[in-house]
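Values in this text are rule-based calculations from the coordinates and carry no lab data. Just so you know, these numbers come straight off a predicted model, no measurement behind them. Cβ atoms come from the backbone with ideal geometry, glycine included; neighbour counts cover every protein chain shown.
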Amino acid sequence: MKIREVAKQAGVSHQAIYKRLKARGISAESITDKATGELTGEGVALMMELYPQIGGAQPQAAAAQPPAAPDVVETLRDEVQRLRNQLSNAEERNRLLTDERDYLRKLLDHSQEMEGLRARLEVVEAGQRAAQAQALTDGSSSGEKQRRGLWARLRGKGRGEA
């Protein structure tokens, strides 16, 4: 059945059918056989939906799907099961990798925190060593004149009076 025949049976022009198809966003080429120009089974069903008054026309036998063979069904079931197993394995691996990533992030944060504490400890220890060195000496550097003690001042020693 062609679009012109549908138009005759429905009592409309073939342009009206093309306009209705365009309004639905369907191109005529998608519902017709390119070699013969006949409507496909899907096209006939669409025409029956658009124009119920052409009820005398039946969809072509090409539109009816043959029943699936049992071995094809079994093969498809096996494929579905295999894909489900792959999916569950992939989800489990994803969970494990996410857990490992989180663990490694915690270790990195801990390591960075420890490095910061180590740097602060080194600064404190350097300050303590400097304070100890200051306490062990009289606080003068090696190039300066040494300070005299109390008894040396009282006795007048070390004044440089000669």
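For Glu42, Glu92, which order do you get if you count the other beta carbons within 10 Å of each Cβ and list the fewest first?
Glu92, Glu42
Let me check I have the definition right: for the range 3-63, take the eigenvalues of the Cα gyration tensor, multiply each by 5, take square roots. What are those semi-axes in whole Å, largest first?
The equivalent ellipsoid of the range 3-63 has semi-axes of 16, 14, 11 Å.
Based on the alpha-carbon gyration tensor of the range 67-135 and its eigenvalue square roots a ≥ b ≥ c, which shape applies: rounded if a/c is under 1.5, prolate if not and a/b is larger than b/c, or oblate?
prolate
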